[in-house]
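Take a look at the structure set out below.
Bear in mind these aren't lab numbers, they're just calculated from the coordinates by the rules spelled out. Since the structure is predicted, the reported quantities are computational estimates derived from the model, not experimental observations. With ideal geometry, Cβ positions are generated from the backbone for all residues, glycine too; neighbour counts draw on all protein chains shown.
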Amino acid sequence: MSLPIETGLHRSYCLIERNALAHNIRLVKANLAPGAKLAAVVKSNAYGHGCRIAWRAFAEGGADWMCVDSLHEAVELIDDGCTCPIFNMGYIPPQHAREAVALGVHAIVYNQEQVMAFGAASSAATKPFRLIIKLETGTQRQGLGIKEAIDLVKTIARFPYLVFEGICSHFANIEDTTDHSYAREQLRAFNQFAETLTQNGYPVKLRSIANSAATILWPETHFELARMGITAYGMWPSGECRVSAQRIPKDLVLRPALTWKTIVAQVKDVPAGAFIGYGCSYQTTHPSRIAILPVGYFDGYHRALSNLAHVLVHGRRAPVRGRICMNMCMADVTDIENVCPGDDVVLLGAQQNEKITAEQLASWSHTINYEITTQIQANIPRIPN
Ligand SMILES: *Cc1c(COP(=O)(O)O)cnc(C)c1O
């Protein structure tokens with residue numbers, strides 16, 4: 001049996017505006033450095049937007065590549081008909097080499113063991129397999145120094161079906177500050193790596209270091225491939241990035257694409273002095289009307305939002321009262337007329353003239369917009385809009 005998932009019938013659901021996703025890609029693509037291609041990052045269920053909806057919208061908007069974090073995500077894209085190049089940015093265990101070669105992803109590599117496994121698998125399949133070496137430029141996450149990188153290229157060259165495609169790296173400190181000296185140093189190191197490899201007789205066909213912030217702020221980081229994550233979804237990497245971008249004379253109006261909605265499950269009148277929810281963390285000071293909403297921290301509506309967040313009902317803000325439960329939460333609708341079970345509630349997004357942004361939810365729960373949307377449970381329906 002399958003239950004209908006039309007809007008309004010599910011406990012909660014996300015509406016995804018495909019035109020907004022395509023718009024964000026077009027906007028950034030129009031400002032790309034000559035020769036650069038644009039990769040849309042669709043890892044983590046497309047930052048919570050639903051991989052299947054997002055990749056199609058990005059392809060329509062002109063994205064040339066898709067970036068994923070794992071082969072599981074690559075399989076989802078390919079099964080859904082995606083034919084553009086897929087860049088697997090996360091770790092691929094050597095045990096998955098055969099599958100990686102069969103899928104034909106571009107794989108990040110940073111150890112000999114992986115390259116040996118990919119070498120053997122590509123030879124067995126007699127199928128070319130493209131490798132991108134991750135370089136360490138200051139993030140101290142994945143990546144290699146130049147000596148190890150050259151050793152790795154030499155190993156790649158020993159296998160007839162392995163192709164040394166290029167290099168990539170990732171910025172550590174570009175969106176968290178308006179002082180970009182650390183990022184400049186990373187870019188300098190990256191350029192140095194590219195030069196050294198070329199001088200050693202290993203030409204670098206593809207260079208990729210830009211994330212959203214770098215793509216917006218610095219055309220000189222675009223090289224052959226810019227990787228666009230958060231901005232593709234219409235959100236800024238940070239307030240600092242937005243401030244830095246204002247110095248650039250460009251009309252960058254990103255459009256957020258996700259609206260997270262639920263419905264009112266029950267409305268109840270409570271007397272003055274009543275405690276609401278677990279831990280009795282909120283006490284009414286006057287007779288109040290409380291709406292029960294069938295969404296909780298299991299769904300990704302963080303418990304840290306307890307007694308802090310607002311939801312939208314009839315286009316007005318209703319404060320969350322008491323602790324957010326696993327599958328439910330309560331909101332105060334005392335001052336909003338005629339709220340009834342079944343009424344539309346917006347947890348994230350706009351309703352009439354009001355809106356709750358991912359940035360606002362992030363600020364209430366001491367995190368970042370990235371975490372807000374990626375934490376919306378994958379099994380909550382994403383409905384294209
Ligand atoms: C997630 C990720 C990106 C995208 O970053 P945004 O800030 O969302 O643009 C780019 N590169 C790598 C390696 C990533 O893991």
(request) Please list the non-local residues whose amide H lies under 5 Å from the amide H of residue 108, H modeled 1.01 Å from N, same-chain partners needing a gap of 5 or more. (result) 88, 132
(request) In debye, nearest 20, what is the charge dipole magnitude of region 1-115 about its Cα centre with +1 on Lys and Arg Cβ and -1 on Asp and Glu Cβ, if you could check? (result) 300
(request) Can you check what the Kirkwood hydrodynamic radius comes to for region 89-185, Cα pairs only, in Å to one decimal? (result) 14.1
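Pairs of Cα atoms under 8 Å, at least six residues apart: use those to get the relative contact order of region 327-375, whole percent.
Reported relative contact order: 18 percent.
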(message) If you consider only alpha-carbon coordinates, what radius of gyration and Dmax does the chain have, in Å?
(response) 23.8, 79
(message) Using only DSSP helix segments of four residues or longer, with each worth -39500 (n - 2.57), what per-residue ellipticity at 222 nm results for the chain after dividing by its residue count and rounding to 500?
(response) -8500 deg cm²/dmol
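Given an 8 Å cut-off on Cα distances and at least 6 residues of separation, report the relative contact order of the chain as a percent.
Result for the chain is 18 percent.
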(message) Report for the chain the percent antiparallel among DSSP-assigned beta bridges with both residues inside it, nearest 5.
(response) 55
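Which shape class applies to region 100-154: rounded if a/c is under 1.5, otherwise prolate when a/b exceeds b/c and oblate if not, where a ≥ b ≥ c are the square roots of the Cα gyration tensor eigenvalues?
Prolate shape, in that a/c is at least 1.5 and a/b is the bigger ratio.
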(request) Please list the equivalent ellipsoid semi-axes of region 307-385, computed as the square roots of five times the alpha-carbon gyration tensor eigenvalues, in descending order and whole angstrom. (result) 20, 15, 14
(request) Would you give the gap between the C-alpha center of region 32-70 and the C-alpha center of region 126-163, rounded to a whole Å? (result) 24
(message) Using alpha carbons only, how many angstrom separate the centre of region 206-242 from the centre of region 300-341?
(response) 35
(message) From Cα pairs below 8 angstrom and at least 6 apart in sequence, can you work out the relative contact order of region 236-385, rounded to a whole percent?
(response) 23
(request) Note down the magnitude of the dipole of region 217-331 about its Cα centre, charges +1 on Lys and Arg C-beta and -1 on Asp and Glu C-beta and zero elsewhere, to the nearest 20 debye. (result) 360
(request) Under 26 Å between C-alpha atoms is the cut-off here; go through the chain and count lysine pairs that meet it, provided they're at least eight residues apart or on different chains. (result) 23
(message) Which residue, 345, 248, 34, has the largest displacement toward the positive end of the dipole of the chain when charges sit on each Cβ (Lys, Arg +1; Asp, Glu -1)?
(response) 34
